[in-house]
Amino acid sequence: MSQTLNIEEPRQQETPAILLKVHEVSAQRLMMAYALTGLFFMVLPGTFLGVWNLISISSRHGAAISASWIQAHGHAQIFGWIGTFILGIGFYSIPKTTSRTAQPIARGWAAWLLWTLGVLLRWAAGFYHLYWRVSLPFSALLELCAFLIFLASVRNHRMADSKTSSGHKPVWIIAVLISSAGFGIGLVMNLLAAAYVSMTATGPAFPANFESRLLTLLAYAFLVPTVWGFSARWLPVFLGLKAVNEAALGCALLLSIIGVALAEAGLFHIASWVIAIAAAASVGAFHLFERAERPAKTAGVHASFPVFVRIAYIWLLIAAALGICAAYLDHANGWIGASRHSLTVGFIAAMVFAIGQRVLPAFAGMRVLYSPRLMLTCLLLLNVGCILRVSSEILAYEGYWLPAWNALPWSAICELAGVTVFSANLLLTFKQAPAHEIKVVSAA
């Protein structure tokens with residue numbers, strides 16, 4: 001009898017470990033599928049189309065090009081790139097933050113298929129006008145369905161560290177919840193607008209006033225809170241900073257939502273000031289420019305990683321300041337365009353380039369980043385391109401200095417080169433074997 005017990009007990013202990021391994025490998029494959037899809041949308045429909053648009057605008061010195069082209073580029077960047085990355089990280093993180101071992105891999109693949117088809121259709125509708133009266137609303141419906149599958153997968157899972165010792169949710173979780181709500185509301189607005197445009201308009205472009213409100217919501221109720229949530233979760237560890245000031249970050253989140261609400265009501269002058277205060281509060285909450293308590297963890301990435309994270313938050317402050325200027329000075333979309341570019345490229349993209357190359361290799365099977373030097377190269381190219389774009393856009397669009405039109409294409413080329421290097425570095429990283437397998441081979 002004792003022998004039987006001794007034989008059966010190890011089996012009972014081994015089974016959960018085996019299941020965990022299977023689920024982990026499946027989650028890694030799903031994460032890599034989302035990451036590769038996001039890279040595709042970033043490079044081709046996103047950045048390449050944006051470069052094409054900017055070169056066309058520069059050659060015409062601001063003469064209008066198709067609004068649907070510009071919106072297709074923006075949609076591929078926000079939803080096709082960033083949205084895909086966030087969904088992939090979200091699906092991968094479910095088993096990491098719950099007490100359950102089951103991972104809804106099938107739902108993850110279903111959401112990936114619907115999301116990818118939706119973004120591709122949106123690009124085809126905006127760029128090629130391919131059956132746009134049907135494909136435009138249908139693409140928005142597919143994207144919303146994919147997001148609802150994601151919500152259904154995570155809503156019943158209890159987060160292991162969802163509460164602090166005082167019984168309250170950590171501020172990073174609150175930021176993620178707010179960004180998820182902003183993501184969902186943005187997708188609903190996108191669907192309603194797509195349905196309206198398909199029935200009433202002569203082309204697949206959203207009205208300018210609606211687009212401005214939608215972009216503000218996506219920027220400050222979805223993208224920025226997402227980055228704040230990841231920053232609160234990882235920056236104190238990666239950069240050796242003091243613990244996040246949760247009260248200050250909570251205030252920043254509240255002010256950001258208030259700013260979005262004011263913008264949706266058409267009160268852009270007040271909204272710009274509120275959003276700027278929120279940006280400043282977030283920088284103070286992370287103690288980014290105070291003395292670090294511990295050395296930064298830069299193993300496997302370039303040693304300049306902490307510097308570029310701080311530069312990204314400077315871009316957030318610049319975006320907020322330019323937003324205030326735009327409310328009073330903008331006449332030809334130069335100030336507002338520079339503000340949006342400072343936010344989406346200088347802040348959001350730079351944080352993805354910095355944090356993404358730190359965490360995505362680990363999520364994809366504990367791989368090691370292929371080249372820290374390529375990481376430095378893509379961050380330098382991105383920031384140089386952003387500096388050229390932001391400064392030239394104001395000078396050229398607003399008519400302050402017409403030779404600035406000649407600098408705009410170079411800014412786009414720099415950013416495209418940075419995006420290409422970033423993508424190549426991650427692709428080469430994913431192609432490598434996991435770190436533990438390399439160690440085993442080396443030891444043998």
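The values are calculated or read from the model by the stated rules, or taken from the named source; none is laboratory data. Model, not experiment: these values are computed from the prediction. Cβ atoms come from the backbone with ideal geometry, glycine included; neighbour counts cover every protein chain shown.
With respect to Tyr328, determine if the residue is part of a helix (DSSP H, G or I) and farther than 26 Å from Ala243 by Cα. So Tyr328 passes the test. For region 222-247, filtered to residues that are outside any helix (DSSP H, G or I) and not basic (Lys, Arg), the residue that is farthest from Val260 (Cα to Cα) is Gly240.
Among the residues of region 44-65, is any modelled with pLDDT of 85 or more and either surrounded by fewer than 23 Cβ atoms within 10 Å (Cβ to Cβ) or within 14 Å of the chain's Cα centre (by Cα) (or both)? No, there is no match, as no residue in region 44-65 is modelled with pLDDT of 85 or more and either surrounded by fewer than 23 Cβ atoms within 10 Å (Cβ to Cβ) or within 14 Å of the chain's Cα centre (by Cα) (or both). Region 336-444 holds helices (runs of 4 or more DSSP H) entirely within its bounds, and those carrying 3 or more residues that are under 20 Å from the mean Cα position of the chain (by Cα) and surrounded by fewer than 23 Cβ atoms within 10 Å (Cβ to Cβ) map to 350-363, 372-397, 408-431.
Cβ separations smaller than 7 Å between residues 6+ apart or across chains give the following pairs from region 248-277 residues that are among the acidic types (Asp, Glu) to residues that are assigned to a helix (DSSP H, G or I): Glu264/Arg213; Glu264/Leu217.
For region 197-226, residues that are among the β-branched types (Val, Ile, Thr) and closer than 24 Å to Leu130 by Cβ total 3.
Of the residues that sit in region 315-335 and are without any contact (Cβ under 8 Å) to a residue 60 or more places away in the chain and surrounded by 24 or more Cβ atoms within 10 Å (Cβ to Cβ), which one is farthest from the chain's Cα centre (by Cα)? Applying the filter and picking the extreme gives Gly323.
The combined condition, being buried (at least 19 other Cβ atoms within 10 Å of the Cβ) and under 20 Å from Ser392 (Cβ atoms), is not fulfilled by Ala312. In this structure, is Ala279 closer than 22 Å to Ala354 by Cβ, small (Gly, Ala, Ser) and not assigned by TED's automatic domain parsing to the domain that holds Val352? The answer is yes for Ala279.
Looking at the structure I just gave you, is Ser212 surrounded by fewer than 23 Cβ atoms within 10 Å (Cβ to Cβ) and not assigned by TED's automatic domain parsing to the domain that holds Arg133? Answer is yes for this residue.
Please state which one of Gly182, Gly240, Gly284, Gly250 is surrounded by fewer than 20 Cβ atoms within 10 Å (Cβ to Cβ) and in contact with a Pro (Cβ under 9 Å, 6 or more places away or on another chain). The unique qualifying residue is Gly240.
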